[in-house]
Amino acid sequence: MASAPVADPATLLVGAGAAELGLRPPPSAPLGPTAEAFASLLELLRLRVVEPVLPLPAADIAGAAQEALRREVAATAAALGLREARLTAYGVTPASTFAAFLRPIVEAGNVPGEGSFFVAGSSEGWIAFYAAFLMPLPVLGVEALQSRVDAAQEAAAAACASTGLQMPVFLTGDAATVNMWDAAVLWDNLAFGGPGSKRYDVIERAFQQSVHNVVVVSYQELDLSALSHPVELLHSDVLPNSWTPSQRYYAYRRSDWEARRRRRLQRLLRSGGAADGEPPPAPRLVWAPAADVEAVAAAHVSLRHPAAKPLDEAAERRQVAAALERGAGTAPGTIAAFL
């Protein structure tokens, strides 16, 4: 999942995973204010990564920003007891893949209608922002690197100012220490680690603490025998992202949650003097983003991976340079100059 080293801004598109994302083709219909803000936000995030500050380690990249990031990575890794490589691997799941994977799970009635969307390892906010625009749940992102949280918070402030929508909350810290009691969805963006790792600690906390039948999404298959609760595979699909055209995504949930919920509710009914009866069903999330917002998500794709046809890199570099000079954003009612 790690990107190849990037030598200088003239070669940004050769190796920076997130720089290989953009809106192509752009939605043909005019965009409303919310969809326009979503498109602008995706462009803003892309330009943040294009600057470039990633990936690390990359000894041939000079500059104060890179040196500051190296120091931050070293200090954070030491504080959390992690290898630095855990904090420097970088890749991006595009909004089209996010929607393609989660929509059938939601439409099948498998996502709780109450609770929050948690992102463990939220980086600059990609997954968290997709959730905020596409799913009617509060969103919390937790990221170890303060510089990435700063970038996400800046983007959230800009999007909130232009739409008035509730944007994700981003926190700096160790996701393994976050209370998951309200988790409806946990997106595992931690990428590395088998049983006994911090990644498994985060997943275990979600299954153990959540009052909802939390859906855990991961890039790696879980060792179910290593978990302390009965867990089942809910959904799996192979979809493209910035590092491969064929990443398998997995969604899990506790297999005993519904039976336990029914028993708890029946006990409450009996304690209140009511006759035994069928407990009401748990509320379920409805997939209902606006059509133009969903069109923006569908257009946000990974543009280069091993199976993709060669692109005109010289033309791409010129487009990136022009975009950087122009700054992020789109013209009213359209999507302009997306790579």
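Here are some residues: Ser236, Ser218. Which one is out of contact with any helix residue (DSSP H, G or I) (no Cβ under 7 Å at 6 or more places or on another chain), under 25 Å from Arg103 (Cβ atoms), polar (S, T, N, Q) and open to solvent by 30 Å² or more (accessible area, probe 1.4 Å)?
Numbers: Ser218 fails: open to solvent by 30 Å² or more (accessible area, probe 1.4 Å).
So the residue among Ser236, Ser218 that is out of contact with any helix residue (DSSP H, G or I) (no Cβ under 7 Å at 6 or more places or on another chain), under 25 Å from Arg103 (Cβ atoms), polar (S, T, N, Q) and open to solvent by 30 Å² or more (accessible area, probe 1.4 Å) is Ser236.
Residues of region 136-155 being open to solvent by less than 10 Å² (accessible area, probe 1.4 Å) and in contact with a Pro (Cβ under 8 Å, 6 or more places away or on another chain), which ones?
Those that are open to solvent by less than 10 Å² (accessible area, probe 1.4 Å) and in contact with a Pro (Cβ under 8 Å, 6 or more places away or on another chain): Gly141, Ala152.
Somewhere in region 225-245, is a residue assigned to a loop (DSSP other than H, G, I, E, B) and within 22 Å of Glu72 (Cβ to Cβ)?
no
Considering only region 113-126, state which residues are crowded, with 24+ Cβ neighbours inside 10 Å and outside any loop (DSSP other than H, G, I, E, B).
Listed by number, the residues that qualify are Phe117, Phe118, Val119, Ala120, Trp126.
Which of the following residues is modelled with pLDDT under 95, within 22 Å of Gly32 (Cβ to Cβ), hydrophobic (A, V, I, L, M, F, W, C) and more than 17 Å from the chain's Cα centre (by Cα): Ala158, Ala95?
Ala158
Which one of these does Val238 not meet: (1) aliphatic (A, V, I, L, M); (2) in contact with a strand residue (DSSP E or B) (Cβ under 7 Å, 6 or more places away or on another chain); (3) in contact (Cβ under 8 Å) with a residue 12 or more places away in the chain?
Exception for Val238: condition (3).
The values are calculated or read from the model by the stated rules, or taken from the named source; none is laboratory data. As the structure is a prediction and not an experimental result, all values here were calculated from the model. When we count neighbours, we look across all protein chains shown, and the Cβ atoms used for this are built from the backbone with ideal geometry, even at glycine. Quick note on the areas: whole protein, heavy atoms, side chains included, nothing else; ligands and nucleic acids left out. Shrake-Rupley method; radii C 1.70, N 1.55, O 1.52, S 1.80 Å.
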